[in-house]
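Please treat every number below as a calculation from the coordinates, not as lab data. Note that the structure is predicted; figures quoted are calculated from it, not measured. Counting neighbours? That spans all protein chains shown, and the Cβs are built from the backbone with ideal geometry, glycine included.
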Amino acid sequence: MTPTATQQALPAQAPPPSLAELHEINAGMQAFQVSVLPSGREFGVNQGEAMLAAGIRQGVGLPYGCKDGACGSCKCKKISGVVLHGPHQSKALSDEEEANGFVLTCCGVPFSDVVLESRQVTEAGAFPIKKMPSRVMLLEKKSHDVMLVKLQLPANDGFAYHAGQYVEFILRDGARRSYSMATAPRPSPVLTALTTTPVQAGADGAGVTPTPTPTPTPTLPVPPAPGHGLELHIRHMPGGKFTDHVFGAMKEKEIVRIEGPFGTFFLREDSAKPMILLASGTGFAPIKAVIEDMQLKGIDRPATLYWGGRRPADLYLDDWVKAKLAEMPNLKYVPVISNAVPEDNWSGRTGFVHAAVLQDFPDLSGHQVYACGAPIVIDSAKTAYTTEGGLPEDEFYADSFITEADKARA
Ligand SMILES: Cc1cc2nc3c(=O)[nH]c(=O)nc-3n(C[C@H](O)[C@H](O)[C@H](O)COP(=O)(O)OP(=O)(O)OC[C@H]3O[C@@H](n4cnc5c(N)ncnc54)[C@H](O)[C@@H]3O)c2cc1C
Ligand code: FES
């Protein structure tokens, strides 16, 4: 199908069609091929399917966050081809960006073969996405509005993920809510031994297995032991469909349905650059997983954690971080409070957490930044770091915790 034919199918100036309408429009057409540069990864897209859904289905690590046209994390440059978008927010993709050839893969449906440019496409192994029942093992209030929730996964099921990824709760009405996993996967002891025991050639050419070393191979992800629990940090949003339940009727032993792992927020282990870890509120959850992962794998790149909250109590695992500092000499910690009151006796850094980073690191050109939490913090950080701090855009990795309120505000 040519661009002209596509344009004929849709009236000019029409509001963006829904994904269902796009599916109808290109029903009967062939499936198309998407190629991603510079990695050269290729995958097929079914009729009416958004490129991201097809990429996830086939294990291609395209970057994304909300999967719903709201955050802009999946934005990439289209080198060639015809793509029509389903509903999305102009904050995620402006008309000007679209005119300049940018697309959102989460709601962009191809109408021809397409070539994209996305430097963040990962080589890291993509793990199978599973739907699982799981049991709430523990509910522990960490502050007035943060609940630590531990989920027990099915005992016979090794759930593999990258530290930093998230799961979705599937609610009774089919709605979904995303929560980042706050612990690194604990490798199964047997598999760890296998992957850390390289076989070397002996003098006669036969394999010789040296004594296992205690350091796991960082590039080869191993599935965690079966029955592994998941820790989540859930902030109460009054009036929220799911978090009202978490802070109200939810009880330990409740069975919930989750699906995952999702997301492309995880440590890029092929870089030696120093890192800024930026968390606002419960954005600390995936950052905690990344810190644990670094420790488990013996990664000693310099990392500075900036964790922001309104009041000191919002830094609900401050003690955990301080204990890690004693164990990880490469880790530094800067807590930042924006709305301290006199009875807090706060003598540390104040102001906006993303701004504190630039005060300390005015030149970020040689860094990687990993940022999670409130969309306003993530958006402000990305803009400031790339424009004022010289951070290359593709060295900013983030999950923006978009909510229904953010979507409605756009
Ligand atoms: C990739 C990702 C990872 C995330 N990880 C985490 C995490 O680790 N921890 C965490 O706490 N959160 C996380 N979130 C946010 C989380 O998914 C939920 O959005 C959040 O918990 C709110 O869910 P809810 O169902 O309680 O509220 P919702 O029903 O989504 O409502 C949120 C708020 O908006 C209001 N609202 C609802 N609809 C409208 C409307 N139409 N107009 C105006 N206001 C409205 C509600 O009253 C409420 O205050 C993540 C989000 C993403 C995208
Ligand atoms: S806009 Fe596409 S993943 Fe958020």
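The table that follows gives values for the structure above.
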| read-out | value |
| --- | --- |
| Sequence-distant residues sharing a close amide H with VAL83 (under 5 Å, placed H) | PHE111 |
| Difference of contour (0.36 nm per residue) and Cα-Cα distance, ASP300 to ASP95 | 69.5 nm |
| Pair ALA408, GLN33: separation of 7 Å Cα→Cβ label points (nm) | 4.6 nm |
| Vicinal HN-Hα couplings computed from phi for segment 247-264 (Karplus, 6.51 cos²θ - 1.76 cosθ + 1.60; Hz; Gly/Pro x) | 8, x, 7, 4, 10, 4, 5, 4, 9, 10, 10, 10, 9, x, x, 10, x, 10 |
| Reciprocal mean inverse distance between Cα atoms of segment 315-371 - Kirkwood radius, Å | 13.3 Å |
| Extension gain from ASP244 to SER380, taking 0.36 nm per residue of separation minus the Cα-Cα distance | 46.1 nm |
| Taking N as its residue count, the alpha carbon Rg of segment 297-344 over 2.2 N^0.38 Å | 1.31 |
| Inter-probe distance in nm under a simple model that places probes 7 Å from Cα toward Cβ, at MET237 and LEU138 | 2.6 nm |
| C-alpha center-to-center spacing [segment 139-177, segment 330-344] in angstrom | 27 Å |
| Where labels lie 7 Å past Cα in the beta-carbon direction, separation of ALA326 and ARG311 in nm | 2.8 nm |
| For q = 0.12, 0.13, 0.15, 0.17 Å⁻¹, Debye-computed log10 I/I(0) when each Cα of segment 275-409 counts as one equal scatterer | -0.45, -0.53, -0.71, -0.91 |
| Cross-link table LYS77/LYS150; LYS78/LYS382; LYS273/LYS324; LYS150/LYS382, entries beyond 29 Å C-alpha to C-alpha | LYS77/LYS150; LYS150/LYS382 |
